[in-house]
Amino acid sequence: MGSVGLVLGGGGITGASYHLGCLMALEMATGWDPSDAAVVVGTSCGAFTAAMLRGGQLNIDTFIDDARSRTEATERLRARCYRRARPRGMIRWLRRGVLPGLTGIPDLRMVAGSPAMYTTDGIAEWIEERIGADMARSWPHRPTVIVGFDLATRTRAPFGTDAAPAVAFKEAVAASVAVPMVYEPVQINGRWYSDGGMASGTSADLVLGLPHPLDLLIVIAPMAALDARPGARFYEGALDRVGRAALDIEMARIAERWPDTDIVVLRPDESILEVSRPNPMSTRAAIPAFLRTLRTMRDELSNPAVWNIVQRHLGARQPVP
């Protein structure tokens with residue numbers, strides 16, 4: 001088996017469900033353990049998935065604990081993800097988000113740093129509880145990049161590389177998942193950071209920081225869907241177009257530098273979008289999105305264009321029926 005990299009893109013709470021479903025399906029079909037990935041790049045909800053993956057806790061129990069019903073699991077998830085904050089930082093938002101956006105071409109970064117009703121403190125605590133204080137307060141030994149967005153420079157902050165300051169793993173993840181308008185930005189060592197998806201939903205090109213090319217790169221991109229679901233809200237297509245455009249540029253860079261690297265991109269299809277949207281931040285949709293992903297991954301892996309690559313690099317047990 002050659003070297004395999006993972007890119008876990010942003011996509012809200014249902015995006016994390018999609019990650020879990022995809023990775024579990026890959027492991028069941030091939031026997032490959034995703035925690036063995038040579039490098040993991042996580043953005044927004046992908047940062048949370050990366051933390052659980054590197055901590056050996058990417059499993060159903062992480063999400064539902066000992067809940068006895070779907071309702072109980074949903075409420076526990078909500079309690080972890082939505083801890084109330086006292087909205088503040090209007091001047092910070094004007095200085096770091098609104099005014100810079102008005103001086104150039106307005107884009108999604110205008111909402112960066114906005115006041116919000118919730119804090120990511122509960123998510124940081126959840127991470128430490130599951131993976132342990134040692135890793136949560138330091139950094140994984142294997143190459144791991146967590147992408148945040150620096151409000152001062154309005155650029156991505158690839159924590160875990162020389163291009164970003166050294167911070168605690170749980171702090172980097174808390175910053176990366178801080179979706180504007182939902183979560184307060186996170187202050188680390190005097191600087192403010194928010195959702196890494198403000199720069200790119202995937203930041204797949206960060207794998208190029210490795211000293212040697214990968215044999216296979218698996219990109220899981222919840223917010224780069226190719227097809228819209230029936231009745232989709234206007235913003236769903238816009239976000240997917242932005243996600244696809246950024247990912248296309250990143251994959252072109254990778255192909256230019258590493259022409260022999262195979263790339264598999266997994267994106268939610270229409271049936272997954274039906275249960276994971278219009279609100280990807282819905283805790284109520286988390287379990288249905290996970291279950292739907294497990295079912296649809298059978299068809300995804302049955303596609304010869306995907307299966308042949310997966311089988312060649314991951315040593316798959318047998319074709320998916």
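The values are calculated or read from the model by the stated rules, or taken from the named source; none is laboratory data. Note that the structure is predicted; figures quoted are calculated from it, not measured. Reconstructed Cβ throughout: ideal geometry from the backbone, glycine too, with neighbour counts over all protein chains shown. In case anyone asks, the SASA skips ligands and DNA or RNA and just uses the protein heavy atoms, side chains included. Shrake-Rupley method; radii C 1.70, N 1.55, O 1.52, S 1.80 Å.
Tell me, yes or no, whether region 279-286 has at least one residue that is touching a helix residue (DSSP H, G or I) at 6+ places or on another chain (Cβ under 6 Å), under 19 Å from V177 (Cβ atoms), open to solvent by 40 Å² or more (accessible area, probe 1.4 Å) and touching a residue at least 40 places away in the same chain (Cβ under 8 Å).
Within region 279-286 (the criterion being touching a helix residue (DSSP H, G or I) at 6+ places or on another chain (Cβ under 6 Å), under 19 Å from V177 (Cβ atoms), open to solvent by 40 Å² or more (accessible area, probe 1.4 Å) and touching a residue at least 40 places away in the same chain (Cβ under 8 Å)), the answer is yes, since at least one residue qualifies.
Quick test for you: out of T296, T261, pick the one residue that is farther than 30 Å from T119 by Cβ and in contact with a strand residue (DSSP E or B) (Cβ under 8 Å, 6 or more places away or on another chain).
Checking each option against the conditions leaves just T261.
Check region 49-69 and report whether any residue there is at pLDDT 95 or above, within 21 Å of V179 (Cα to Cα) and not hydrophobic (A, V, I, L, M, F, W, C).
Scanning region 49-69 turns up at least one residue that is at pLDDT 95 or above, within 21 Å of V179 (Cα to Cα) and not hydrophobic (A, V, I, L, M, F, W, C).
Looking only at region 230-268, which residues are open to solvent by 70 Å² or more (accessible area, probe 1.4 Å), within 26 Å of D299 (Cβ to Cβ) and among the acidic types (D, E)?
Within region 230-268, just D248 meets the criteria.
Report those helices (runs of 4 or more DSSP H) wholly inside region 262-321 carrying at least 3 residues which are under 27 Å from G12 (Cβ atoms).
Ranges flagged: 270-276, 286-302.
Please list, ordered by first then second residue, the pairs with beta carbon atoms under 8 Å, 6 or more apart or interchain, first in region 65-84 and more than 12 Å from I13 (Cα to Cα) and without any contact (Cβ under 8 Å) to a residue 12 or more places away in the chain, second open to solvent by 60 Å² or more (accessible area, probe 1.4 Å) and of a type in the set (K, R).
Every condition considered, the pairs that remain are D65/R76; A67/R76.
How many residues are over 14 Å from the mean Cα position of the chain (by Cα) and either closer than 22 Å to R284 by Cα or surrounded by fewer than 24 Cβ atoms within 10 Å (Cβ to Cβ) (or both) when one looks only at region 1-33?
Number satisfying all stated conditions: 13.
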